[in-house]
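Computed from the coordinates by the stated procedures, all read-outs in this text should not be read as laboratory data. For clarity, every value in this text was computed on a predicted model and none was experimentally measured. All Cβ positions, glycine included, derive from the backbone under ideal geometry; neighbour counts span all protein chains shown.
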Amino acid sequence: MTLKLETRTKRKKLVGTIKRPSWRLLIRPHPAVWRFVHGMAVVYLVALTFLLFQNRDDARQFMKYLHPHLGVELPERSYGVDCRIYVPENPKSRFINVYETLFDEFVLAHIVGWWGKAMMIRNHPLLWILSIGFESMEYIVHDRFQLTFRHMLPNFSECWWDSIILDILICNWFGIWAGMRTVTYINGKTYEWVGLSRQPNIISKVKRSLGQFTPAWWDKDEWHPMQGPLRFFQVLCLCVAFMTVELNTFFLKFSLWIPPRNPLVVYRLILWWLIAIPTIREYNSYIQDSKPVKVGAFCWLSLAICIVELLICIKFGH
């Protein structure tokens with residue numbers, strides 16, 4: 001049964017690579033790559049739909065088929081138990097709280113994640129709105145009732161210096177800065193797309209082959225959220241979708257008992273990054289078009305995946 005399922009999955013990926021219609025907005029490194037990404041996204045959506053119709057215990061045990069170490073309840077770490085920067089009584093280090101936070105796996109995840117988001121969104125104000133908005137959802141709590149998710153996930157309980165200084169002002173800032181520097185570099189680069197057979201020497205041929213994995217051209221995405229009420233609503237929808245996908249990452253780990261260092265977490269983030277690249281290009285082209293016809297297939301597929309992930313979090317998160 002497992003062998004048949006794997007064979008069918010491989011066939012779906014192959015069909016997705018060959019049969020998906022050509023996409024005009026991304027042609028590097030090859031249109032077949034983005035067809036393959038589309039096929040992978042469809043397979044992921046089907047797998048999520050299957051999980052959605054299971055009960056919580058069966059879904060958690062099903063994860064063992066994807067990784068043998070899953071299916072076991074995990075202790076959730078809270079970062080806000082002791083918020084002291086200086087701990088004189090600790091025998092290991094007087095700055096033990098800062099040390100453990102700095103060498104946590106989420107520090108690197110913040111930097112790399114915001115570098116990738118900057119490469120996709122390419123807009124400083126919008127990136128900072130997303131950065132501060134997500135950290136606010138983790139940290140801010142109203143006096144009478146809790147507006148955010150700290151009461152639901154201990155992992156969201158952070159110290160003020162962790163959330164504001166380390167996350168927003170250091171990790172997120174560096175990721176956004178590095179991403180926008182990369183965007184500026186690529187935007188100012190001159191591309192000479194001469195055929196491989198016309199290259200004069202072997203070094204030029206190697207450079208041309210590697211250049212196939214860089215953009216054929218680079219469009220600067222302009223969002224202009226203050227252009228009008230409709231554009232403001234369109235950009236707001238993008239922000240809501242982005243933060244929902246971010247929240248799904250934490251709640252899926254919590255609901256399905258997936259530890260942060262499990263490779264499935266990385267695989268999902270890489271897949272989402274690959275899906276988001278054409279999705280944001282489609283959406284930006286749609287809102288900038290003076291006579292928009294319809295949003296692209298990747299936009300609808302991304303929305304469907306986001307919604308099904310959210311439904312799984314709601315169903316299994318109680």
Next on the checklist: Can you sort Leu45, Leu130 from fewest to most other Cβ atoms within 10 Å of each residue's own Cβ?
Outcome noted: Leu45, Leu130
Item to check | Residue-count net charge about Val245 - beta-carbon cut-off 11 Å; Lys, Arg +1, Asp, Glu -1 | outcome: 0
Checklist entry - What distance in nm separates the simple spin-label points at Leu271 and Arg84, each placed 7 Å from Cα in the Cβ direction? => result 4.5 nm
Item to check | Length gained when the stretch Arg181-Val295 is fully extended (0.36 nm per residue, less Cα-Cα span) | outcome: 38.1 nm
